[in-house]
Amino acid sequence: MPRQLAPIAVYVYNRHEHFKKCIRALQSNSLASQSELYVVSDAAKVPEHQAAIDEVRSYASGISGFKKVHLMFRSHNLGAFKSISSAELKIIQEHGRIISMEDDIVTSPDFLKFINDGLDFYENDKSVFSIAGYCHPVTVKKQTVESAWFYYWHLPWGYGTWKDRYLEMDITKNRWQEIKNDKKLYQRFKKCGQCIIDIAEADMEARIEAIDVRICIEMFIRGMYTAVPYKSKVKNIGFDGSGMHCGLTQRYNVDICLTNSEEEFIFPKAVHVDSEISADVNEFIIASNYSTIRRFLKWLGIYNVTRKIYRSIKLTAITVSRYKTQ
């Protein structure tokens, strides 16, 4: 019986150059010719976007190098959430598994092999929600022959998952309030998820729409994890100011191997979170969030004033604390 490879879904809008780099990288994968590709293109939100969307769709119509190319071109604008989630559901219902990414993801030549191998290996382990392609740029201190480690949270920059686990997730709702109402659950979440609490709050209050955080919350409640490569198989090139939520930064840059190796991946049999690497990644994300706030304050022109106020408050707090202990 031939191996069942997961179809690849790439979600696009108006970034032609990003999309080309994404596809060319996927084409360099040895499993590309055996994999089906879905290009999901939302329609223009405003007339000014139409020309760029036409350019993206024209390029998509000429893509080759895959087993089959499916073009899902929306006739009217659905918005990112509805366009992506409805396509994802349709594809995973039909194929039983999926590899998802947006158009700013550039993959290594062994990305498809890593994700498909992981999907095969953990197919019957319901505690694994997804196989991630991205690993944050943190230093791995321990020596191991294994190719992956486990993390508490979903990493959406090029990932694979299965129909049964995907359908368990209700991404239309944010269940953050349930965690906040349970003191023990909340304290446990804070211990491993301080880095995403602000985003969970913002999504719950409808200030942003963060599907990935909703998945993280569902994973936490259900006791599910993500398998992450020690060596990142993708890099996100959307931090050039063109992305919806990415902004402008180089912090998330990683080096990926550009040659197609025949490495056999070794996945850990026991699903156990690596607390040391997880803590390093969480600290990295928190530092990145502070960096984003700092850039925003500088853009507003109030960073120096804000920093002086913060230092004044901090100094006052220290003084009061010392006074109380005397």
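Each principal axis of the Cα atoms in segment 60-175 has its own extent, and those three values, largest first, are 51, 39, 27 angstrom. Phi angles across segment 73-90 convert, under the Karplus curve 6.51 cos²θ - 1.76 cosθ + 1.60 with θ = phi - 60°, into 3J(HN,Hα) values of 9, 6, 8, 9, 6, 9, x, 4, 4, 6, 4, 6, 5, 5, 5, 4, 5, 4 Hz, Gly and Pro given as x.
How much net charge surrounds SER261 when only other residues with a Cβ under 11 Å from its Cβ are counted (Lys, Arg +1; Asp, Glu -1)? Neighbour charge sum, excluding SER261 itself: -2.
Every number here is computed from the coordinates shown, using simple stated rules; none is lab data. Only a predicted model underlies this, so the values are computations on that prediction, with no experimental measurement involved. Cβ sites come from the backbone with ideal geometry, for glycine too, and all protein chains shown count toward neighbours.
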